[in-house]
Amino acid sequence: MAENDRLIEVKDLQVSFFTPAGEVKAVDGISYSLGYNEVMGVVGESGSGKSVEAYSIIGLLQNPGRVVGGSITFEGEDLLAYTPEQMRQFRGNKVSMIFQNPMTCLNPVYTIGNQLMEALTCHDSSISAQDARKRAIEMLELVGINNAEKRIDQYPHEFSGGMRQRAMIAMALICKPKLLIADEPTTALDVTIQAQILELMKKLQQEEQTSIIFITHNLGVVAEICDRVSVMYAGKIVEQGKVNDIFYNPLHPYTKGLLASMPRLDSDGHERLIPIEGTPIDLLNPPKGCNFAPRCKDCRKICLRQKPPFADYGDGHTSACWLHFMEDDGEEASGK
Amino acid sequence: MFSYILKRILAAVATLLIIMAVTFFLMNAIPGNPFLSEKASPHAIELAFKKYGLDKPLIVQFKNYVVNYLRGDLGVSLKMQEGTSVKDIIFNQGKFTRSIKLGLSALALAILVGIPLGCIAAYHRGSWLDGFLRVMTTVGVAVPTFVLATLLLATFAVKLPLLPVKSGELTDFRSYIMPVISLSFYYTCYLAKLTRTSMLDAINQDYIRTARAKGVKTSKLVLKHALRNSLIPVITYLGPVMAGIITGSFVVESTFQIPGLGKYFVQSVMNRDYTIIMATTVILSALVIFMNLVVDIAYKIVDPRITLTSKEG
Amino acid sequence: MKYNFAKLSPFQVDPDKIEETFGLTADDFQAATDTEKESVVYKHKSVSYWRDAARRFKANTVSMVALFVFILCLLFAFLGPRLIPYNYADQYRSSQKLASMEYSEEEQLVIAMSKNCDAFYATTLKSGSLTAIKKGDYTINYGGKTYAFTLKKAIEKSVLALDADAEEPLFVVKMKDLNEDGTWEKSTPVELSDAPAEGAQPLKLVNSVFPHVFGTDSSGRDLMARTMYGAQVSIIIGIAAALIVLVIGSIYGAISGLAGGAVDFVMMRIVELIYSIPEVLIVLLLQVVLTDPLRAWFDAHKTGIGAILGDLGPGIVSIFITFALLYWVTMARIVRGQVLQLKEQEYVNAAVALGASKARIIRRHLLPNAVGALVITTCLQIPSAIFLESFLSFLGLGVSAPMASLGSLCSDALATIEIFPDRLIYPAVILTIIVLSLNLIGDGLRDALDPRLKK
């Protein structure tokens, strides 16, 4: 990817939470870049640091969390050097975010319209109330809310879960941001609603030409909407690549495990789902070696001693596992 | 909304009826009667009983109370101002007005000082100001009203005679200062504590994160998004505050020698002046019940999720 | 070894030199055993709920200080009266209306005199108006020696003094013969006998006058003794009332929550009714109503529970009754809420399926789980009971002299606030400290027992 094609570039980002019990390295040296009009999925289980990483982009990290290393560059500008006021202007304007639980993410005591218009007015104080309202109604119509003229004056509790998430999306896109971060936007919804929301996001992404970082633990959702995928485990990206590469030629044992634990439509119906044994590591006391080693079925002695480097399989497909460096590694190398 | 209020008023009337019954039972259980005194002969007492209908069976007496109250007739005083209409005593001698003025001033002070202080503390969480306010409010809710009232009296009226010892009929502004402060201090501190807690609670909610993600300014975040939500538990507490202020007025009115309803109630109990006990109890209870209704309606205004028409809150 | 190309490496390693860079050997690619894998996993020590709560409480400096202060208050209230020579009810007529640490004229004379003798017994400094040492046989143990003597006549308004080195060690000086500098005009020696007579009373001499630290009231009662006693009464009332509320509220709430349906509906309407009554109005009436019948009942029942309650007096017992009647509603609501929440839990369903009785479910499953909320509410109930008692006593409805509570002491002090502000300040400060420390302990318990509630 050429330098000026990159919308955002994250290099060796490290985020720690300074708790009374000690430093928790929630994100421990991750690097990736995202182009214009590109959708990247970030997959991982709870606590793998995927949300923390997104919060550090948009400047929403709360005490005791802090970026302790690395850089985030957005259209050539260093985000970490922004003043709080610059960051505030940036949030919601260039990058916006939608969250997991639409039930609690809208302020219960203000109307949907009020909250939508606020997103506009806090970046452009010159906009008139009528214009803001008109734009808000347009956005609600765009996200498929019928009768938007009337709906705009209703309160969040008068909206269903799916509708609220639509309103959240409308609110996020109202300033035409270049990047949308979606933090598990469908997790809290019914399966049928999930599909509708995904469909909507796909459609809007194409219409509005917005890049999306799509955080989820659901691989099915990733396959649906993403161009590229990063797989995170315990604060590190273990594998990233094009969505097809990840799905049809997973390299890292963790990715393989994730795929094996997911039901597939193309299976003959007799395959069993295989869970990944064990629990995630304690980030307060991370192991010396590979973070996944204690749960890995194919763990080697070196894995317990030393963090693995990335192996590059071309076309942006990389994976960090010692097995890739093994002599006669049969299956592992067969992808290339 | 209308049917809700109607329902609440009916419930309030029922509650008042029960309070009347309890009061009636209790005051008749107080040993002695209003006419006992050293010089009263048994015959005179008997006459007085007859005159005021106290010789009738209790159930009839109670029925008379209820019927008369419904007609707006509160009876006449039996002892303290014998023969004077209770309505006159309470409303025309300024007792009710004084107590209401005192109570409302204290309520207003508690709300207008307590809630902003709580917001300031939450906004400057962890600063020296927050620390100072936390210490002040924590100590404030451990000082009983009568202690504060007497300490204020000792300091500002006796040691440095800046303010009048006797507030009396609350005719000028200076006579309000100490009674209102003593009456409201506990609640000011409590409301400040409550507001701070609920404000911090609100600040940690998801919708605040959403607003931050939109790029809303910090000041607006607090004043618009957090404040209104954090007021909900505060408003719930205002009902008990009103009841507490009435309680406190008993102490404050005796300490500062204000001839108000609170002081009069205590005296009427001591004097077994049945009609006055009943009237003050009913009026003060009605005040508290009315306040609770106001609070519930205010609740509805702040929190659109509460629908008053559906189920009774 | 054959490697794949690793162009993108956070370690910036030349892929061809992986082997050297990391010092890899063939052995490194041997499969790791399960034990090896487990050895790198950091294991949390599992901590029980209570131990964890205790740890959190101990880590909370404010609460620990509050606990320490409350223990000091307990010592002041319960151990203090044993350490000072004055009693809350005794009236020391020569020492009326003293300010804090002030000595009465007679005390000053005796103090001056005590420099000129070893030990003394001053009749005027004792409780009562006409105290005297009656005639009879006495012994005095002092400095390892026993002095035995017989008084043929009672002595009053005098000091019985002992000067071990003098020729006549025991002598009586009349108060009126004492000079300001501690010398005396004349003294009457007491004749010592060799052996104590049969049934001789021991007499205790002292060598200093204990100060009235907080001063005395208008009847000459020592205010420190009264404050200690008042604190005792207030703390006992607070704890007992909180326990009453705990028991009644828990039972009511648990029954309401468990029964559900119509029973729950009716029980909760009752709670709502009591809730909407401005209870203080009723409390005041109740206090007046209950006093006489209670006194009559105590007079009729002088044994067992009647005697215990009788010692407390009708004022305090009626406060207990008030709490039992009106103040349990908050607790009942909390317990009901807990019960409803817990009722949905699987393990309760399991217990029901196994045929456990309702009483057993309450006892074995629900209460232990609700205990956190109960402890917190009970702890915070204590100060509110102390508040109510002091409020009633202040209005003259709670305890009455010679008994004392912190509220009645404040109330008594009000009459003389212009001359003796100390009389108000001591009990008021102690009351505030007790309530403050209990509030802070309660807050600490809430943070420790229910981390979810932590703000």
Phi to ³J(HN,Hα) by Karplus 6.51 cos²θ - 1.76 cosθ + 1.60 over segment B:209-223, Hz, x for Gly, Pro: 4, 4, 5, 4, 5, 6, x, 5, 5, 4, 4, 5, 3, 6, 6
According to the Kirkwood expression over distinct Cα-Cα pairs, how big is the hydrodynamic radius of chain C, in Å? 28.3
Helix-only [θ] at 222 nm, chain B, -39500 (n - 2.57) per DSSP H run of 4+, per residue, nearest 500, equals -23000 deg cm²/dmol
Which angle from 0 to 90°, rounded to the nearest 10, does the C-alpha axis of helix C:367-394 make with the longest principal axis of chain C? 30
C:Ile111 to C:Ala166: FRET efficiency via 1/(1 + (r/R0)^6), r the Cβ-Cβ distance, R0 22 Å, to the nearest 0.05? 0.65
Chain A, relative contact order [Cα under 8 Å, separation at least 6], %: 19
Can you flag which of B:Lys79/B:Lys263; B:Lys50/B:Lys79; C:Lys145/C:Lys174 are past 18 Å Cα-Cα? C:Lys145/C:Lys174
Out of all DSSP beta bridges with both ends in the protein assembly as shown, state the antiparallel percent to the nearest 5. 75
To the nearest 10 degrees, how steeply does helix A:129-142 sit against the main Cα axis of chain A, on a 0 to 90 scale? 50
Test of understanding: express the Cα radius of gyration of segment A:48-145 as a ratio to 2.2 N^0.38 Å, with N the residue count. 1.25
Using the C-alpha gyration tensor of the protein assembly as shown, what are the square roots of 5 times its eigenvalues, in whole angstrom, with the largest one first? 73, 41, 27
Can you return the aspartates and glutamates within cross-link range of B:Lys300? Criterion is Cα-Cα under 19 Å, with same-chain partners fewer than 8 residues away left out. A:Asp153, A:Glu158, B:Glu312
So how tilted is helix C:329-343 from the main axis of chain C? Cα-based, degrees 0 to 90, rounded to 10. 30
For peptide C:22-33, compute the average count of partner chain beta-carbon atoms within 10 Å of each residue's beta-carbon. 6
Could you tell me the distance between the Cα centroids of segment A:199-242 and segment C:72-141, to the nearest Å? 87
In whole Hz, what ³J(HN,Hα) sequence does segment B:276-284 give by Karplus (6.51, -1.76, 1.60; θ = phi - 60°), x for Gly and Pro? 6, 4, 4, 5, 5, 4, 5, 5, 5
Pairs beyond 21 Å (Cα-Cα), from A:Lys134/B:Lys224; A:Lys150/B:Lys220; C:Lys152/C:Lys186; A:Lys242/A:Lys288; C:Lys126/C:Lys157; A:Lys202/A:Lys256: A:Lys134/B:Lys224; A:Lys150/B:Lys220; A:Lys242/A:Lys288; A:Lys202/A:Lys256
Between C:Val213 and B:Leu160, what FRET efficiency follows from the Cβ-Cβ distance if R0 is 35 Å, with the result rounded to 0.05? 0.80
Where a label projected 7 Å from the Cα of B:Leu36 along Cα→Cβ would reach, residues of segment B:259-286 with amide N under 13 Å: B:270-273
Okay, helix-only estimate at 222 nm for chain A: each DSSP H run of n ≥ 4 adds -39500 (n - 2.57), divide by all residues, round to 500 deg cm²/dmol; what do you get? -8500 deg cm²/dmol
Taking every residue in B:136-144, how many Cβ atoms of other protein chains lie within 10 Å of its Cβ, on average? 6
Let's test this: bin the Cα-Cα distances of segment A:9-76 at 5 Å from zero up to the farthest pair and state each bin's percent. 4, 16, 27, 27, 16, 7, 3, 1, 0
Non-local residues with an amide H under 5 Å from the amide H of C:Gly215, with H modelled 1.01 Å from N and Pro and chain starts lacking one, are C:Met101, C:Glu102, C:Leu223, C:Met224
Just name one of A:Val67, A:Trp322, A:Phe90: the one whose Cα is farthest towards the positive end of the charge dipole of chain A (beta-carbon charges, Lys/Arg +1, Asp/Glu -1). A:Val67
Sequence-distant residues sharing a close amide H with A:Gly69 (under 5 Å, placed H): A:Gln14
Among A:Ala195, A:Ala129, A:Ala21: highest mean-square fluctuation, GNM of chain A, C-alpha pairs under 10 Å: A:Ala21
Which value, in debye to the nearest 20, gives the size of the charge dipole of the protein assembly as shown about its Cα centre, when Lys and Arg are +1 and Asp and Glu are -1 at the Cβ? 3080
Alpha carbon centre of segment B:110-125 versus segment C:214-250: separation in Å? 35
I need the phi-derived Karplus couplings for segment A:174-180: 6.51 cos²θ - 1.76 cosθ + 1.60, θ = phi - 60°, integer Hz, Gly and Pro marked x. 5, 9, 6, x, 7, 10, 10
Stokes-Einstein diffusion coefficient for chain B at 10 °C in a medium of 1.306 mPa s, Rh from the Kirkwood formula over Cα pairs: what value in µm²/s? 71
Taking chain C and counting helices only, DSSP H stretches of n ≥ 4 at -39,500 (n - 2.57) each over all residues, the nearest-500 ellipticity at 222 nm comes to -17000 deg cm²/dmol
Looking at chain C only, what percent of DSSP beta bridges run antiparallel? Nearest 5 please. 90
Which whole-number percent of Cα pairs in segment C:105-202 have a distance greater than 22 Å? 26
DSSP-defined beta bridges in chain A - what % are antiparallel, rounded to 5: 65
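Rule-based calculations on the coordinates, nothing more; no lab input. Owing to the predicted nature of the structure, the values given are computational and were not obtained by experimental measurement. When we count neighbours, we look across all protein chains shown, and the Cβ atoms used for this are built from the backbone with ideal geometry, even at glycine.
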